1. Starting from the Cα of Gln153, step 7 Å along the direction of its Cβ; do the same at Glu232; then give the gap between the two resulting points in nm.
2. Taking the chain as the reference, fit the longest principal axis to its C-alpha atoms, fit the long axis of helix 202-213 to the helix C-alpha atoms, and give the angle between the two in degrees, 0 to 90, nearest 10.
3. Going by how many other Cβ atoms sit within 10 Å of their own, how do Met26, Met353, Met285 line up, fewest first?
4. How large is the charge dipole for the chain, taken about the Cα centre, if only the Cβ atoms of Lys, Arg (+1) and Asp, Glu (-1) carry charge, to the nearest 20 debye?
5. Need one word for the chain: rounded, prolate or oblate. Basis is the Cα gyration tensor (sqrt eigenvalues a ≥ b ≥ c); a/c below 1.5 gives rounded, then a/b vs b/c decides.
6. Starting with the fewest neighbours, write out Arg298, Arg110, Arg230 ranked by other beta-carbon atoms found within 10 Å of each beta-carbon.
7. When Thr214, Thr292, Thr160 are ordered from fewest to most other Cβ atoms inside 10 Å of their Cβ, what list results?
8. First measure r as the distance between the Cβ atoms of Arg63 and Leu171, then evaluate 1/(1 + (r/R0)^6) with R0 = 41 Å and state the FRET efficiency to the nearest 0.05.
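The numbers here are math on the coordinates, done by the rules we state, and not lab data. Predicted model, so just to flag it, every value in this text is computed and none were measured. Ideal geometry is used to build each Cβ from the backbone, glycine not excepted, and the neighbour counts take in all protein chains shown.
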Amino acid sequence: MRKIKVLHTEWSDGWGGQEIRIINEMLAVQEQGVEVFLACKVNSKIKDQAINNGIKVFILPFRGNVDLKTMFSLIKIIKDYQIDIVNTHSGKDTWVGGIAAKLSGSKFIRTRHLSNLINSRRFNFINELADFVFTTGESVRTDMIEFNRIDPQKIISIPTGIDEEIFDPILFDSEAERNKLNVDNNVISIGILAVIRKFKRHDLFVEMAAELTTRHTNLKFFIAGDGPIRNEIEEKIKKMNLQESVFLLGHIDEAAKFLSSLDIFTLTSDSKEGVPQSVMQALLMNKKVVATNAGSTRDLYNDDNFSLVDTNNLAALVEATESFIKNKRNTELNTRSYIVDNFSKTCMTNKIMKVYRQILNVK
């Protein structure tokens, strides 16, 4: 039997958790013998990542939901390359990609990454046309069943699988990584790893830092990542006179090294999260985590080393983080095992391959 061929489509031109998930998923199923392709816009950051990983890329306009030029181009690609499955990821590419798949006789998988509700009006029917729907968290799955009329038998939550062989604390010299950030042994390092977008609430992280530095003198806060509101956050740090306590690191290529330098990891999002990759990564690195209960973050909650607090609640963030500050040196910390057992790359890949075989009726 010939290889299963899967074409992924992505309208977004950014580089964050969603785009990282797409690349990692493609590479994971490629290891299982699946041939993968990507259709995206010319200026998209995912394009370069795909090319660097040897993935065939098609550049298309993706101008909107009814972009006929893109739709017919996709139909031609599907037929020329004998694509079995079209997997769409954002709103605009889901319309053109999903319809192209249906018109071409290919199977259509819709992956929903964000947790905000999809318009439930009847005219917004594209998700119902999918042969199967992947979500990146359980709350997203239940919402789509309730509000978007998705058949419960055709939707599954498949959180992004993190490679436990990369995010393994024994591989890193945490003291050396802390030294790079000028973090002494008596300093407690607290960090966030996220694209600097509104819903990630970096402003709340800075306000938390401001409050905690009035209570403790041995804290440093690190923001790893870049994004459209970086200048706003930089100005907020200056306005609150936190330049000696809060540091913007910009985009980082090796998340595991950054995480190894931290004592406490935080995520302050107020919405849109599936199961956040950064929280999974931090837990794999045996870090104490304080995260807001956004999207499907709750799926990761398992023990006392993970504190889950209400969204947009500064006081709760401060108190949860301070409780870990006071109990920093916990030598029995092991947040890793639950993530390895339930959210590893292997778990993700097995679930995806099972659906591929199911909808294509192959063994």
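1. 4.6 nm
2. Computed tilt is about 20 degrees.
3. So the ranking, lowest neighbour count to highest, is Met353, Met26, Met285.
4. Working: 48 positive and 46 negative charges, 308 e Å.
The dipole magnitude comes to about 1480 debye.
5. Prolate, since a/c reaches 1.5 and a/b exceeds b/c.
6. If I rank by nearby Cβ atoms, fewest first, I get Arg298, Arg230, Arg110.
7. Working: Thr214 7, Thr292 26, Thr160 23.
Fewest to most other Cβ atoms nearby, the residues stand as Thr214, Thr160, Thr292.
8. 0.40
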